[in-house]
Amino acid sequence: MNNKTEQQKIRYEYRNEIENIIKKYDIDRKAFHEVDKFYYKKVQRNIYYTFCNYQKYPAIQFAYMWTRLRDNLKTSKLITTDWSDWNTYIDKINQFIPDKNPSTQYYLIMDGDWVYEGTITEIKKVLYEMPAFMQDFYLSPKDYSWLIIHCEDGACMFQVC
């Protein structure tokens, strides 16, 4: 099997795992779902061009995106995990979210560059189940005013705006 085929297979495994979590935990598809195939590239572009130094790194790439952030962004304090506290770590996302309205929808970009839309409650239900194989994830409001970044390499998350 060639490298591109293998990467595509792994990419779809992430998506299938998320789909299994949605079914297993009976997650409301109005409160968490994959972004429409005709729209997800726009969401990816908006996030990348809002937060990354696209002049230096013109190719949109979400793996290790945190290494390509613009210099003028404000960065929050890091929240770390030792992996045994995963659910507590995920709950700390709330510290970064100014809008406490439970029906507000956000974009979540997961491994494989899959783009989802959902409420924080439903997003966290999915994230609780993901630590064993997840790399980075990115969470943004629909106005792209800030971005929460989980970095698997650093076992941490932070917010930029």
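The values are calculated or read from the model by the stated rules, or taken from the named source; none is laboratory data. All values reported here derive from a predicted model rather than from experimental measurement. Positions of Cβ are backbone-derived with ideal geometry, glycine not excepted, and every protein chain shown enters the neighbour counts. Note: accessible area is taken over every heavy atom of the protein model, side chains too, but ligands, DNA and RNA are not part of it. Shrake-Rupley method; radii C 1.70, N 1.55, O 1.52, S 1.80 Å.
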Among the listed residues I93, I149, which satisfies the condition of being at pLDDT 90 or above, buried (at least 21 other Cβ atoms within 10 Å of the Cβ) and either in contact with a Gly (Cβ under 9 Å, 6 or more places away or on another chain) or on the phi < 0 side of the Ramachandran plot (or both)?
I149
Could you say whether any residue in region 126-140 is of a type outside the set (D, E), in a helix (DSSP H, G or I) and in contact (Cβ under 8 Å) with a residue 40 or more places away in the chain?
yes
Does I60 fit the bill of being assigned to a loop (DSSP other than H, G, I, E, B), closer than 26 Å to Y12 by Cβ, touching a helix residue (DSSP H, G or I) at 6+ places or on another chain (Cβ under 8 Å) and of a type in the set (A, V, I, L, M, F, W, C)?
yes
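For region 33-48: of the residues being in contact with a Phe, Trp or Tyr (Cβ under 9 Å, 6 or more places away or on another chain), modelled with pLDDT of 95 or more and assigned to a helix (DSSP H, G or I), which is most open to solvent (accessible area, probe 1.4 Å)?
Of everything passing the filter in region 33-48, N46 is most open to solvent (accessible area, probe 1.4 Å).
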Against the definition (under 17 Å from K42 (Cα atoms) and outside any strand (DSSP E or B)), how does S145 come out, yes or no?
yes
Condition check: farther than 19 Å from S140 by Cβ and at pLDDT 90 or above. Does Y25 satisfy that?
yes
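Consider I60 carefully, then state whether it is open to solvent by 20 Å² or more (accessible area, probe 1.4 Å), without any contact (Cβ under 8 Å) to a residue 24 or more places away in the chain, under 25 Å from H33 (Cβ atoms) and not charged (D, E, K, R). Walk me through how you get there before you give the answer.
Numbers: open to solvent by 20 Å² or more (accessible area, probe 1.4 Å): yes; without any contact (Cβ under 8 Å) to a residue 24 or more places away in the chain: yes; under 25 Å from H33 (Cβ atoms): yes; not charged (D, E, K, R): yes.
Criteria met by I60.
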Looking only at residues in region 110-125 that are assigned to a helix (DSSP H, G or I) and at pLDDT 95 or above, which one is least open to solvent (accessible area, probe 1.4 Å)?
I123
